[in-house]
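After the structure tokens below, expect a handful of questions from me.
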Amino acid sequence: MTRVAVLSAGSWGTAFALVLADAGCDVVLHARRPEVADGINTRGVNPDYLPGVTLPGTVKATTEADVALAGADVAVLSIPSQTLRANLAAWAPLIEPDTLVVSLMKGIELGTGRRMSEVIAQAAALDPARVAVLSGPNLAREIAARQPAASVIACTDHDAARRLQAAFRTPYFRPYTHTDVVGCELGGAVKNVIALAVGLAAGLGLGDNAKATLLTRGLAETARLGTALGADPATFAGLAGLGDLTATCLSPLSRNRTFGEHLARGLTIGQAATATGQTAEGAKSAYSILDLARRHQVEMPITALVVAILDGTVTTDRAVDLLMARTPKAER
């Protein structure tokens, strides 16, 4: 039986712990707060992040990272991306030599422009071939309800990706493998920013034409950046690209879309974060993605506009006019 440590017990980490248990893994979920761990261990419920969802009895919780990671074949990391490096300072010495590390996180580190797999490899001093990423149209609440979904496990070591694929598969969760780690991570990170823009459009009362335009042109700018960083352009037509983008932009379960809707309705960034209830990665990653694009001389107008709105230099009602006034060009 594969032993998996999941750090930590947010909505996606908890939902994925359920998938792992259904796949036959022995799962230990790391929770920061004792009351969350107690709810999982005594009632099989994460009361704060997935209330009403009963977890399999094979999911156990602990507040001690060393207990979770002891003897783990796989360590799954699911925390806000901007806290990863700080957490790894404590966790890295606890990761055993043969443990594979899987990132569920979708963000770009502020200041460095590093993808999450790069942060893990650097901060934990791991061979990149031991670090995989999982990305796709994976809304936590739907997966926790065991609704059918697919995802991509990307790792430069394809054999490692295949081992993870076999360990994670269930009747309702279908993982594919890939070696394009760059493309899969960028697709997951940038889609949060585009979903925030779609949420803004929805909050302003714009129609489906506008939302579809943002989604499509958002995919185009994601692919431009990915190609500049060495990704395979075809990756962005797959689950970690178009698939994840579509789910995150169109679903009311999407926290990034929801955050954008709150902003468009007049809430401040702080108020929108509180109303959304969970971390909207796009609100932070927009800055690091735009910085990365500028370093590589890649044009990303939607991302740039989201940053301007977050900075308060452009109002939401002015944003549409600015996008529509851009110089006409050929689609390619």
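Every read-out reported here was derived from the displayed coordinates using simple, explicitly stated rules and does not represent laboratory data. Fair warning: this is a prediction, and the values are worked out from it, not measured in the lab. So basically every Cβ, Gly included, is an ideal-geometry build from the backbone, and we count neighbours across all protein chains shown.
Find out how many positive minus negative residues lie around Gly71, taking Lys and Arg as positive, Asp and Glu as negative, among other residues whose Cβ is under 15 Å from that of Gly71. If you can, show how the numbers build up before the last one.
On the way: positive: Arg3, Lys60; negative: Asp26, Glu64, Asp66, Asp73, Glu96, Asp98.
After counting each charged neighbour, the total is -4.
Taking K and R as +1 and D and E as -1, what net charge do the other residues with C-beta under 12 Å from the C-beta of Arg163 add up to?
Values: positive: Arg130, Arg162, Arg169; negative: Asp73, Asp98, Asp157, Asp159.
It works out to a net charge of -1.
Using the Karplus equation 6.51 cos²θ - 1.76 cosθ + 1.60 (θ = phi - 60°), what ³J(HN,Hα) coupling, rounded to whole Hz, does each residue of segment 178-185 give in order, writing x for Gly and Pro?
7, 10, 8, 5, 4, x, 5, 6
Moving to a separate point now. Distance from the Cα centre of segment 208-273 to that of segment 129-154, in angstrom?
17 Å
Same structure, new question: Name the residue farthest towards the positive end of the dipole of segment 3-179 from the options Val28, Phe16, Phe173, assuming +1 on Cβ of Lys and Arg, -1 on Cβ of Asp and Glu, about the Cα centre.
Working it through, the farthest residue towards the positive pole turns out to be Phe173.
Per residue of the chain, what 222 nm ellipticity follows from adding -39500 (n - 2.57) for every DSSP H run with n ≥ 4, rounded to the nearest 500? Intermediate results must be reported in sequence, preceding the final value.
Numbers: 15 runs with 162 residues, N = 332.
Calculated at 222 nm, the ellipticity per residue is -14500 deg cm²/dmol.
Here's something else I'd like to know. So, in the chain, how many Lys pairs have Cα atoms under 17 Å apart, if the pair is 8 or more places apart or on different chains? Please list the in-between numbers first.
Values: Lys106/Lys191; Lys106/Lys284; Lys191/Lys211; Lys191/Lys284.
Count of close lysine pairs: 4.
Which peptide among 187-195, 219-227 comes first, and what is the full order, when sorted by highest mean count of other Cβ atoms within 10 Å? If you can, show how the numbers build up before the last one.
On the way: 187-195: 31.0, 219-227: 21.1.
In decreasing order of mean packing, 187-195, 219-227 become 187-195, 219-227.
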